[in-house]
1. Given the structure, is Ala88 surrounded by 11 or more Cβ atoms within 10 Å (Cβ to Cβ), at pLDDT below 90 and of a type outside the set (Ser, Thr, Tyr)?
2. Is the range 115-123 home to any residue that is surrounded by fewer than 16 Cβ atoms within 10 Å (Cβ to Cβ), small (Gly, Ala, Ser), at pLDDT 90 or above and within 15 Å of the chain's Cα centre (by Cα)?
3. Could you figure out which of (1) in a helix (DSSP H, G or I); (2) within 18 Å of Val43 (Cα to Cα) isn't true of Leu57?
4. Read through the list (1) away from the ligand (no atom under 16 Å from the Cβ); (2) touching a residue at least 24 places away in the same chain (Cβ under 8 Å), then give the number of the only condition that Glu106 fails.
5. Got a sec? Which of Ala80, Ala75 is of a type in the set (A, V, I, L, M, F, W, C), crowded, with 16+ Cβ neighbours inside 10 Å, modelled with pLDDT under 95 and closer than 29 Å to Ala30 by Cβ?
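The values are calculated or read from the model by the stated rules, or taken from the named source; none is laboratory data. Small disclaimer: the values here were computed from a predicted structure and weren't measured. As a convention, Cβ positions derive from the backbone with ideal geometry for all residues, glycine included, and neighbour counts pool all protein chains shown.
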Amino acid sequence: MGYLGNEFESYDADVRRTMNGGATALVPMASFAMGLAGEAGEVVDLLKKHLGHGHDLDADKLTKELGDVLWYVSAIAQSAGLELGDIARANVEKLRKRYPDGFSVEASRNRKPDPIGEERGDP
Ligand SMILES: [Mg+2]
C-alpha cells in the first residue's frame with residue numbers, strides 16, 4: 001500500500017458492489033470497455049458544447065461524466081486483476097521519470113519514446 005492506494009482500494013470496493021457479472025468474466029469486461037468509450041464520448045460532448053458552441057461549462061455534469069469514466073476504468077482494471085491505486089501510482093511514477101522538473105513543451109518535444117509500449121497521445 002502506498003501513494004493513492006488506500007483511497008482507490010476503497011473506491012474499487014465500491015465499484016465492485018455495482019458491477020454486473022463479477023470481476024473475472026470476459027463478457028462484462030468487453031461491456032466495461034464499451035461503457036468507457038461511451039462515457040469518454042459524453043465528456044467530449046460536454047467539452048465540445050463548451051469550447052465549440054459557447055455553452056457555459058456545466059461542472060456538475062462534467063463531474064458526473066468523469067465519475068462514470070472512472071467507474072469503468074476501475075471495473076476494467078479489476079476484471080484484469082489490477083487495482084486502481086497501483087495503476088495511478090505507476091502512472092505518476094512514469095510521468096515523474098518523463099518530466100522530472102514538471103511538464104514543459106521543450107521536454108515533451110525532446111523526450112525519447114519509452115521502451116515499452118508507449119502510445120501516441122500519452123501526457
Ligand atoms: Mg454518463
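1. no
2. So far as the range 115-123 goes, no, none of its residues is surrounded by fewer than 16 Cβ atoms within 10 Å (Cβ to Cβ), small (Gly, Ala, Ser), at pLDDT 90 or above and within 15 Å of the chain's Cα centre (by Cα).
3. Exception for Leu57: condition (1).
4. (2)
5. That would be Ala75, the only listed residue that is of a type in the set (A, V, I, L, M, F, W, C), crowded, with 16+ Cβ neighbours inside 10 Å, modelled with pLDDT under 95 and closer than 29 Å to Ala30 by Cβ.
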